[in-house]
1. One residue is enough: does the range 98-114 have a residue meeting the conditions of a type in the set (Gly, Ala, Ser) and in contact with a Phe, Trp or Tyr (Cβ under 7 Å, 6 or more places away or on another chain)?
2. Name the single residue, out of those in the range 12-25 being out of contact with any helix residue (DSSP H, G or I) (no Cβ under 8 Å at 6 or more places or on another chain) and assigned to a helix (DSSP H, G or I), that is farthest from Asp81 (Cα to Cα).
3. Against the definition (over 30 Å from Phe18 (Cα atoms), in a loop (DSSP other than H, G, I, E, B), in contact with a strand residue (DSSP E or B) (Cβ under 7 Å, 6 or more places away or on another chain) and of a type outside the set (Asp, Glu)), how does Lys325 come out, yes or no?
4. Under 7 Å by Cβ, and 6 or more places apart or on different chains, what pairs join a residue from the range 186-202 that is on the phi > 0 side of the Ramachandran plot and in contact (Cβ under 8 Å) with a residue 24 or more places away in the chain with one that is buried (at least 19 other Cβ atoms within 10 Å of the Cβ) and of a type in the set (Ser, Thr, Tyr)?
5. What single numbered condition from (1) at pLDDT below 90; (2) assigned to a helix (DSSP H, G or I) fails to hold for Phe40?
6. Select from the range 101-148 the residues that are out of contact with any Leu (no Cβ under 8 Å at 6 or more places or on another chain), closer than 16 Å to Glu159 by Cα and free of Cβ contacts under 8 Å to residues at least 60 places away in the same chain and list them in ascending order.
7. Determine if the range 46-61 includes at least one residue that is under 15 Å from the mean Cα position of the chain (by Cα) and among the β-branched types (Val, Ile, Thr).
8. Give the number of residues within the range 224-263 that are charged (D, E, K, R), part of a helix (DSSP H, G or I) and surrounded by fewer than 16 Cβ atoms within 10 Å (Cβ to Cβ).
Amino acid sequence: MKKIYLIDWNALIYRMFFALPEFSTKEWKQVNAIFWVAKFFMQDLIRDNPDYLVFIRDARWENFRHQIYSEYKATRDRMPDNLRTQVDDINEMVSLFHMDVVEVPMVEADDVIATLASELSKDKSNQIYILSWDKDLYSLVRDNVKIYDTIKKDTFDIEKTTEKFWVIPERIIDYLAIIWDKSDNIPWIEGIGPKKAVPLINKLWTLEEIYEFIDSWVITDDEEVKKILSWKTLEKIVDAREIAFLSKSLATIKKDVDLWDFNLEHYKFYNDSLLNDKIVELFKKYEFNSLLPNNERKVEKVWNDLNKNVQIIGDSEWLQNLKNKLKSYDKIVLDTETTSLDIMKAELVWVSILLDDNNIYYINVAHNWPKVEKKELIDFLNLLLNLDITIIGHNIKYDLEILELFIKDTEKFDGWQSKLDNSFWQMTLWL
């Protein structure tokens, strides 16, 4: 059996970009998507070890779907700027992995994937895994064609695909033609959602057969049909005939794209050649220390290695000492530790304050060690944010919002918030 990965390139980099919070190198280079793609190669692909690996990318130009419906994909947001700045770097990295990306002019990746899956699945010794999250590609699922979610490590075969959509894979395109596909801005039969579309398809089958049944309508004794096709539903379907078939044309993926001289053997995957010298240098450039071989990694240091005087503050006396010291400094570094990256779910664990290399403090809020009382910390923050000092931090907006929520129910909140509003743009963002 040959394991073949067909990877939707555009879907992959979007998924990788949103899989991790944004972060940068010391030189302020945004690298979260680059890192996650690199990790996908160095961990996921090495572990899965496919025999063949084919990346497929959307062509830049409009395709036949735009010609039949000008609003196709018109509602899609433009690529986030912080992802756009990483795309060329990702492409460079993939080329250094010695991987080619398939791109057919004026053809979407889904159509190329569908063509490859259709042709390659004819050989029953091929096990094909499509790495994408586009709903239309689930229509390709067969005995030896599956959808593979790399993030959740979940594989969708015929059974799981049917459980997901409540229609068999062959009818997913008809299903999408009836309901609204928000991501591609494909029109729909207004008022007919999944709850009505599923029994309609499972009972009457394809879109064409649904309209054939309606056109030859006679009074039926089939109670299930009567329930599905109430007069109100029937009216909506009849009125939307033209839209429904337009939607199916847009949702249907082509399986006959001319791929010229495509040769699967050119896409053989060799996992032992991934970590070559150029990739090692690239990982060093982007500070991907965890992906480097052990002999190339920088030694991670802890506080004891750095001989830094880190003091944990867990009572009012220590906090008062820190207050007194603050008045001697014109700038400090502030950071918070929380239980979540989601502002509304996060709880404050500690507040870190760095005055200089010899005066670093952790103000304990939540750990099961001695800790300061909430009111004492609020008094401290009030003092801190009313001092004429520069506050340096990484992701400072997040830290300020966390501290705001921490004190929002107190009587001092209004004055503190005013201080935040007035001083925000004077604060220095620091990695």
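1. Of all residues in the range 98-114, those of a type in the set (Gly, Ala, Ser) come to 109, 114.
If we keep only those that are in contact with a Phe, Trp or Tyr (Cβ under 7 Å, 6 or more places away or on another chain) as well, we get 109.
Checked against the condition, which is being of a type in the set (Gly, Ala, Ser) and in contact with a Phe, Trp or Tyr (Cβ under 7 Å, 6 or more places away or on another chain), the range 98-114 yields at least one hit.
2. Arg15
3. On the way: over 30 Å from Phe18 (Cα atoms): yes; in a loop (DSSP other than H, G, I, E, B): no; in contact with a strand residue (DSSP E or B) (Cβ under 7 Å, 6 or more places away or on another chain): yes; of a type outside the set (Asp, Glu): yes.
The answer is no for Lys325.
4. Correct list of pairs: empty, since none qualify.
5. (1)
6. Residues satisfying the conditions are Tyr138, Val141, Arg142, Asp143, Asn144, Val145, Lys146.
7. Keep residues of the range 46-61 that are under 15 Å from the mean Cα position of the chain (by Cα), which gives none.
Within the range 46-61, not a single residue is under 15 Å from the mean Cα position of the chain (by Cα) and among the β-branched types (Val, Ile, Thr).
8. To start, the set of residues in the range 224-263 that are charged (D, E, K, R) comprises 224, 226-227, 232, 235-236, 239, 241-242, 248, 254-256, 258, 261.
So of that shortlist, the ones also part of a helix (DSSP H, G or I) come out as 224, 226-227, 232, 235-236, 239, 241-242, 248.
When the remaining residues are screened for being surrounded by fewer than 16 Cβ atoms within 10 Å (Cβ to Cβ), the result is 224, 226-227, 232, 235-236, 239, 241-242.
Adding up the residues that qualify gives 9.
The values are calculated or read from the model by the stated rules, or taken from the named source; none is laboratory data. Values in this document were obtained by computation on a predicted structure and should not be read as measured data. When we count neighbours, we look across all protein chains shown, and the Cβ atoms used for this are built from the backbone with ideal geometry, even at glycine.
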